[in-house]
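Heads up, the thing below is written out as structure tokens.
The values are calculated or read from the model by the stated rules, or taken from the named source; none is laboratory data. Owing to the predicted nature of the structure, the values given are computational and were not obtained by experimental measurement. A quick note on method: Cβ atoms are made from the backbone with ideal geometry, for glycine too, and the neighbour counts reach across all protein chains shown.
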Amino acid sequence: MTVYDLHCHSNASDGALSPTDLLSRAAAQDVDVLALTDHDGTEGMAEARETAAGLPITLVAGVEISVTWGANTVHIVGLNIDTDNPTLQTGLSALRDYRRGRAEEIGKRLEKAGINGAYQGARQYASETMLGRMHFAQFLVENGYAKDTREVFKKFLVRNKPGYVPGDWANLEDALGWIHAAGGQAVIAHPARYKMTATKLRRLISEFKELGGVGFEVCSGLQHAEEIRHLATLANKYELLAACGSDFHSPQQSWTELGKISPLPASVTPIWSTWTQHDKRKFA
Ligand code: AMP
Ligand code: MN
Ligand code: MN
Ligand code: MN
């Protein structure tokens with residue numbers, strides 16, 4: 001059986017491992033096809049390609065784009081993208097610029113809550129290009145403000161907490177436009193995590209489909225069977241292709257591992273059924 005993991009992060013965004021270590025770990029976990037999907041950037045792909053060439057693994061070029069949809073932040077994964085596409089890169093670069101300003105604002109808000117040096121502190125954990133809440137989380141854990149990153153988010157970084165800054169990311173249309181300009185397929189990432197009402201999620205799916213989106217992440221890591229059944233039903237109802245990914249960030253997050261994903265139900269059409277061997281090699 002071919003193991004597909006179509007969602008994970010390297011230290012080019014908020015993952016803990018370098019692209020090389022990530023690929024080696026994926027190979028050791030018997031992943032056959034891995035998509036690197038860093039947040040709002042593809043800087044990790046060059047190193048990932050080099051490492052993948054020496055491993056029994058097929059690398060898929062990907063990205064996870066932050067989108068503001070109404071009052072929600074939604075993540076859209078792009079798969080099989082041409083990372084050299086200027087439309088895509090201009091869009092992603094604007095998002096990373098926005099991230100820098102947002103991070104300064106997060107730092108200021110934490111300062112007001114009595115936590116000093118968070119912005120500079122978070123930067124120590126981040127790559128040159130991408131600064132995110134996970135880097136603040138690492139700083140706050142290291143400095144004893146919470147016991148782990150999960151607790152940090154709950155106490156400081158989500159709505160109604162001192163370090164929360166509402167997102168102002170790409171709109172859905174632009175995000176899909178960039179992915180399509182780069183020849184990729186757009187996928188709604190971890191749909192259950194948005195905690196949307198059924199009506200709202202249906203509206204998101206409709207708009208996404210109208211804009212040419214084709215994929216739905218039916219399996220994200222290890223989930224409850226009931227949730228998978230529900231997402232599989234939605235995928236079939238809206239004729240979306242099913243994707244699956246671990247959303248792996250770090251070996252320290254013991255609840256995730258590369259390739260450890262509940263299997264896709266037999267009823268769905270896997271997104272890779274639309275891929276040719278050529279697709280998989282084309283951009284990666
Ligand atoms: P950002 O895109 O900078 O707002 O950060 C979002 C990232 O923070 C997600 O991709 C996760 O890596 C991480 N994250 C968000 N919520 C949580 C949470 N409750 N616990 C742990 N990590 C989280
Ligand atoms: Mn992340
Ligand atoms: Mn995400
Ligand atoms: Mn992710």
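Kindly evaluate ASP97 against the criterion of being within 30 Å of SER273 (Cβ to Cβ), at pLDDT 95 or above and more than 16 Å from ligand 4 (Cβ to nearest atom).
So ASP97 does not fit the description; no.
Answer yes if at least one residue in region 210-225 is farther than 20 Å from CYS8 by Cβ and within 16 Å of ligand 3 (Cβ to nearest atom), and no otherwise.
Yes, region 210-225 has at least one match.
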Return the total of residues in region 1-21 being of a type in the set (Gly, Ala, Ser) and surrounded by fewer than 21 Cβ atoms within 10 Å (Cβ to Cβ). 2
Output the qualifying pairs, or none if there are none: Cβ atoms under 6 angstrom, residues six or more apart or on different chains, first residue in region 106-133 and of a type in the set (S, T, N, Q), second residue in a helix (DSSP H, G or I). THR129/ARG96
Pairs with Cβ under 9 Å, 6+ apart, first in region 259-279 and on the phi < 0 side of the Ramachandran plot and at pLDDT 95 or above, second part of a loop (DSSP other than H, G, I, E, B) and among the hydroxyl-bearing types (Ser, Thr, Tyr): LYS260/SER246; ILE261/SER246; TRP272/THR2
Region 180-210 - residue that is surrounded by 22 or more Cβ atoms within 10 Å (Cβ to Cβ) and within 16 Å of LEU241 (Cα to Cα) and, of those, nearest to ligand 4 (Cβ to nearest atom): ALA189
Are there any pairs with C-beta distances below 6 angstrom linking a residue in region 1-25 that is touching a residue at least 24 places away in the same chain (Cβ under 8 Å) and on the phi > 0 side of the Ramachandran plot to a residue that is assigned to a loop (DSSP other than H, G, I, E, B) and within 16 Å of ligand 3 (Cβ to nearest atom), with the two at least 6 apart or on different chains, and if so which? none
Checking the structure you have, find out if any residue of region 239-249 is surrounded by fewer than 17 Cβ atoms within 10 Å (Cβ to Cβ), of a type outside the set (S, T, N, Q), in contact (Cβ under 8 Å) with a residue 60 or more places away in the chain and under 15 Å from HIS7 (Cβ atoms). no
Among the residues of region 35-61, what is the count of those that are touching a Ser or Thr at 6+ places or on another chain (Cβ under 8 Å), within 16 Å of ligand 3 (Cβ to nearest atom) and in contact (Cβ under 8 Å) with a residue 60 or more places away in the chain? 4
Evaluation of MET130 against (1) hydrophobic (A, V, I, L, M, F, W, C); (2) over 26 Å from ASN80 (Cα atoms); (3) within 16 Å of ligand 2 (Cβ to nearest atom) (one fails), failing number: (2)
For region 113-130, state whether one or more residues are buried (at least 19 other Cβ atoms within 10 Å of the Cβ), within 16 Å of ligand 3 (Cβ to nearest atom) and closer than 15 Å to ASP40 by Cα. yes
Would you call THR68 of a type in the set (S, T, N, Q), without any contact (Cβ under 8 Å) to a residue 40 or more places away in the chain and crowded, with 16+ Cβ neighbours inside 10 Å? no
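Okay, residues lined up against (1) within 16 Å of ligand 2 (Cβ to nearest atom); (2) touching a helix residue (DSSP H, G or I) at 6+ places or on another chain (Cβ under 9 Å); (3) within 18 Å of GLY62 (Cβ to Cβ):
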site: GLU226; (1), (2), (3): no, no, no
site: LEU241; (1), (2), (3): no, yes, yes
site: SER254; (1), (2), (3): no, no, no
site: ILE261; (1), (2), (3): no, no, yes
site: VAL268; (1), (2), (3): no, yes, no
Report yes if ALA170 is within 16 Å of ligand 4 (Cβ to nearest atom), of a type in the set (A, V, I, L, M) and surrounded by 16 or more Cβ atoms within 10 Å (Cβ to Cβ), otherwise no. yes
Please return the ranges of helices (runs of 4 or more DSSP H) entirely within region 147-232 where 1 or more residues are within 20 Å of LEU36 (Cβ to Cβ) and of a type outside the set (Phe, Trp, Tyr). 172-181
Qualifying helices (runs of 4 or more DSSP H) (wholly inside region 1-115; at least 1 residues being closer than 28 Å to ALA146 by Cα): 19-28, 86-112
